[in-house]
Amino acid sequence: MAKVRIKKIGIVALQKDAKSLLRLLQREGVVQIVKPEETSSAFSTLSGQVNLRLYESYLATVREAVSAIDSAASRRANLLDSFNGRKELTEQDFARRAGSYDEIYHLANEISLRLRSREQEQSSLLSTRQNLERYLPWESLDVPMKETGTLHTEIFIGSLPFTYDESTLCSTLDAALLTRDTSGNASCRSVPYSCSIVSSSKEQTCVVLICHRNDGEVMRGILRELGFVLPSDPTSHPPALRIARYQERIVAAQKKTEEIDAFLSACYDKRDDLLFLSDYLAMKIERYHALDEVLFSKKTLFLEGFLPEMDIDRITNRIESAFVAHVEVTEPQPDEEVPVLLKNNGFASPVEDITAAYSLPSETDVDPNPVMAFFYYLFFGMMLSDAAYGVLMVLGISFILFFRKPEGQTRRNLFKFLYCGLSTIFWGAMFGSWFGNAVYTVSTTFFGHTVSLNPVWFDPVQNPLQLLIFSLILGFCHVMAGMILKFYMLCKQGNIKDAFLDIGMWWVVFAGIFILLLSLIFPGTPVLQKIGLWVMTAGGAGLVLTQGRSSKSIAGKVVGGIASLYSITGYFSDVLSYSRLMALGLVTGIIGNVVNTIGAIGGRSVGGVIMFVLVFLFGHSINIGINALGAYVHGNRLQYVEFFSKFYNGGGIPFRPLTMNTKYFKIKEDK
């Protein structure tokens, strides 16, 4: 199968059944609701934006709650978690959980409130610790930091930069006083003072200095020169009291935080319920989005959309048996933009995302995936081309598929790389690469005799030209496949003449070139050479005579026909692009061999074995990572540039039905 035929559906039902009808359509998951282009004045939309914003805020709260309890329980998602499939629920379980909606949301809201409280406590804890750090150097001060002196004394409480002890501080002050005395500024020798060190560190020294009030101005000037700084927020009591209060606050904040963490950890048992509520709210939000596309009158509703042809009877019967409703299915209008739904077998469907990343097929396009899948897997394997790497891919992906039960696009992507891995095993065996030449290197280095896994076909490192020729042949086949699809599309559209003139004539030219190549491979066959020249000439003449046919003037027809021959260079350049198959295939094998050679430098010893294992694991991990990425990128490029350009227009819009697009749970289908 390829593109699914899409029909237009119109539903008229009672307004009171709107939510139930949308729930049924969401459960079926096959109807894309669109707003009708032509509407009657009797119908209008019913905006659900208020409820939509409300449920979106609920969903944000629930997701925040899940994240909070995961963090409290030290649960971190690992890579394998992203492959987990959804848990199945029976309809009864689904209804039971949905009935606990209010209770679960109340828990989520409580978690959110506790989380806000925890954030406030953490913020308070941080600021309190910062404040505490400011006052800890003053802890041993037994007077208020705001103290300025008595009737006859002046007290200076503050900090000086750098480190001092009482001896060095007194020496510094005495020197400053002596300097002032000799300069004639004041008579300072007789200035009495007392200083003490409260605390000292590399950054600052906290000091208390006492002098007579009459000498205060002189001492203030000296301290200013030394960089003396008053406390920014001095206490009106001994600092130890404020320090004690800060420490009490820290203990209280830590206790409150621990209580909240314990509550969040205890809520982990409700994680499944919260995940269900997340899915349930996501479904409601999707229905409210769909509600914006539905038209309402006083008593009825009108809904229009698209659905696959194969689901018409089932959906019609379900709606008409459940509601008082009328369902009408029609063909889309010729000028109507119809969404595209692709349906392929298990071999081709995994590459649908590659086509979608480029553009979905338009109404006139064929689905390229069945043809593209074969070439994509083939090319990926040739570019990675190490059988052991392929085995690792197949084993790893098989493990995930079997134990994790992934779904949807994740499952299709895994199958895509599973097929790529099988192709890699095939080409690695054909070229004799198993972790490069690891078997040969290990046997000769550590066991003293030679064992090697010979290629089934040939070794591309020894015969790169053979691989290049084979790559170009495959490229030519790929380009021809694109032209065949173009020929088929033109015939399907009724443009049989265009198919034969625009595509068929080029095949005649290529047939002539192929015969000429045969004459070179089998020398001494002049008949083949003549036939090839005649066939190629006939094809070229056909192009010259027909490719300018759309022009109205004779000169335009001639010029257009001759100019068409220039396209031969485009075909040759396209085919040459497939030399990257050889290049990437060689790179994988050569890097693998180099890694093995470097690892074997240590020789036959315990240290040599350890060195080989470490280099082997690191080198081949890098090699498979880089070259698998290169095979993926260049594999896509060969499809987009060389293959799609021959026949593909694109521009289709994806089919997006109203569905149960849940992340964690799904309803178990009746068998």
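Would you confirm whether or not the range 443-466 contains a residue that is surrounded by fewer than 19 Cβ atoms within 10 Å (Cβ to Cβ), without any contact (Cβ under 8 Å) to a residue 40 or more places away in the chain and in contact with a strand residue (DSSP E or B) (Cβ under 8 Å, 6 or more places away or on another chain)?
Taking every residue of the range 443-466 in turn, at least one turns out to be surrounded by fewer than 19 Cβ atoms within 10 Å (Cβ to Cβ), without any contact (Cβ under 8 Å) to a residue 40 or more places away in the chain and in contact with a strand residue (DSSP E or B) (Cβ under 8 Å, 6 or more places away or on another chain).
Do we have any residue at all in the range 40-61 that's exposed (fewer than 12 other Cβ atoms within 10 Å of the Cβ), part of a helix (DSSP H, G or I) and of a type in the set (Gly, Ala, Ser)?
Yes, some residue in the range 40-61 is exposed (fewer than 12 other Cβ atoms within 10 Å of the Cβ), part of a helix (DSSP H, G or I) and of a type in the set (Gly, Ala, Ser).
Residue-wise test of (1) among the basic types (Lys, Arg); (2) at pLDDT 95 or above; (3) in a helix (DSSP H, G or I); (4) surrounded by fewer than 18 Cβ atoms within 10 Å (Cβ to Cβ).
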residue: Ile591; (1), (2), (3), (4): no, yes, yes, no
residue: Val595; (1), (2), (3), (4): no, yes, yes, no
residue: Ile601; (1), (2), (3), (4): no, no, yes, yes
residue: Arg604; (1), (2), (3), (4): yes, no, no, yes
residue: Leu617; (1), (2), (3), (4): no, yes, yes, yes
residue: Ile622; (1), (2), (3), (4): no, yes, yes, yes
residue: Asn627; (1), (2), (3), (4): no, yes, yes, no
residue: Gly635; (1), (2), (3), (4): no, yes, yes, no
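For the range 85-100, state whether one or more residues are exposed (fewer than 13 other Cβ atoms within 10 Å of the Cβ), in contact with a Ser or Thr (Cβ under 7 Å, 6 or more places away or on another chain) and of a type in the set (A, V, I, L, M).
no
Evaluate the following for Ala388: is it modelled with pLDDT of 95 or more and over 24 Å from the mean Cα position of the chain (by Cα)? Step through it out loud before you land on a result.
Working: modelled with pLDDT of 95 or more: yes; over 24 Å from the mean Cα position of the chain (by Cα): yes.
For Ala388, the condition - modelled with pLDDT of 95 or more and over 24 Å from the mean Cα position of the chain (by Cα) - is met.
Listed here are the residues, each with its yes/no results for (1) farther than 20 Å from Phe644 by Cα; (2) part of a helix (DSSP H, G or I); (3) not assigned by TED's automatic domain parsing to the domain that holds Gly625.
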residue: Asp353; (1), (2), (3): no, yes, no
residue: Glu363; (1), (2), (3): no, no, no
residue: Pro370; (1), (2), (3): no, yes, no
residue: Ala373; (1), (2), (3): no, yes, no
residue: Tyr377; (1), (2), (3): no, yes, no
residue: Leu392; (1), (2), (3): yes, yes, no
residue: Gly396; (1), (2), (3): yes, yes, no
residue: Phe399; (1), (2), (3): yes, yes, no
residue: Arg411; (1), (2), (3): yes, yes, no
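How many residues does the range 62-98 contain that are polar (S, T, N, Q), under 17 Å from Leu274 (Cβ atoms) and in a helix (DSSP H, G or I)?
First pass over the range 62-98, keeping only residues polar (S, T, N, Q): 67, 71, 74, 78, 82, 84, 90, 92.
From what's left, under 17 Å from Leu274 (Cβ atoms): 67, 71, 84.
After this cut, where a residue has to be in a helix (DSSP H, G or I) as well, the list is 67, 71.
Residues in the range 62-98 being polar (S, T, N, Q), under 17 Å from Leu274 (Cβ atoms) and in a helix (DSSP H, G or I): 2 in total.
In the range 240-287, what residues are among the β-branched types (Val, Ile, Thr), touching a residue at least 24 places away in the same chain (Cβ under 8 Å) and over 30 Å from Asp93 (Cβ atoms)? Write out each step before concluding.
Taking the range 240-287 first, the residues among the β-branched types (Val, Ile, Thr) are 243, 250-251, 257, 260, 285.
Filter again for touching a residue at least 24 places away in the same chain (Cβ under 8 Å), leaving 243, 250, 257, 260, 285.
Residues satisfying the conditions are Ile243, Ile250, Thr257, Ile260.
Quick check on this structure: which one of Gly548, Gly524 is modelled with pLDDT under 85, assigned to a loop (DSSP other than H, G, I, E, B) and crowded, with 18+ Cβ neighbours inside 10 Å?
Working: Gly524 fails: crowded, with 18+ Cβ neighbours inside 10 Å.
Being modelled with pLDDT under 85, assigned to a loop (DSSP other than H, G, I, E, B) and crowded, with 18+ Cβ neighbours inside 10 Å holds for just one of Gly548, Gly524, which is Gly548.
Of all residues in the range 115-131, which are closer than 30 Å to Val207 by Cβ and either acidic (Asp, Glu) or touching a Lys or Arg at 6+ places or on another chain (Cβ under 9 Å) (or both)?
Kept after step one, since they are closer than 30 Å to Val207 by Cβ, are these residues of the range 115-131: 126-131.
Scanning the range 115-131 gives Thr128, Asn131.
Among all residue pairs at least 6 apart or on different chains, which show Cβ distances below 7 Å where the first residue, located in the range 592-613, is not assigned by TED's automatic domain parsing to the domain that holds Ile626 and the second is among the charged types (D, E, K, R)?
Pairs found: none.
Of the residues that sit in the range 308-330 and are in a strand (DSSP E or B) and touching an Asp or Glu at 6+ places or on another chain (Cβ under 9 Å), which one is surrounded by the fewest Cβ atoms within 10 Å (Cβ to Cβ)? Before the answer, list the steps.
The initial filter retains those residues of the range 308-330 that are in a strand (DSSP E or B), namely 308, 325-330.
Restricting the remaining residues to those that are touching an Asp or Glu at 6+ places or on another chain (Cβ under 9 Å) gives 325-327, 329.
On the way: Ala325: 18, His326: 13, Val327: 18, Val329: 15.
Residue satisfying both the conditions and the ranking: His326.
If you go through the range 487-499 one residue at a time, how many are surrounded by fewer than 18 Cβ atoms within 10 Å (Cβ to Cβ) and under 26 Å from Phe374 (Cβ atoms)?
Final tally of qualifying residues: 4.
Scan the range 563-572 and give yes if some residue there is more than 31 Å from the chain's Cα centre (by Cα) and β-branched (Val, Ile, Thr), otherwise no.
Just the residues of the range 563-572 that are more than 31 Å from the chain's Cα centre (by Cα), to begin with: 563-572.
Now drop any that are not β-branched (Val, Ile, Thr), which leaves 568-569.
Yes, the conditions are met somewhere in the range 563-572.
The values are calculated or read from the model by the stated rules, or taken from the named source; none is laboratory data. All figures in this text were calculated on a predicted structure; none of them were measured in a lab. Because the Cβ atoms are built from the backbone with ideal geometry, glycine has one as well, and the counts that use them run over all protein chains shown.
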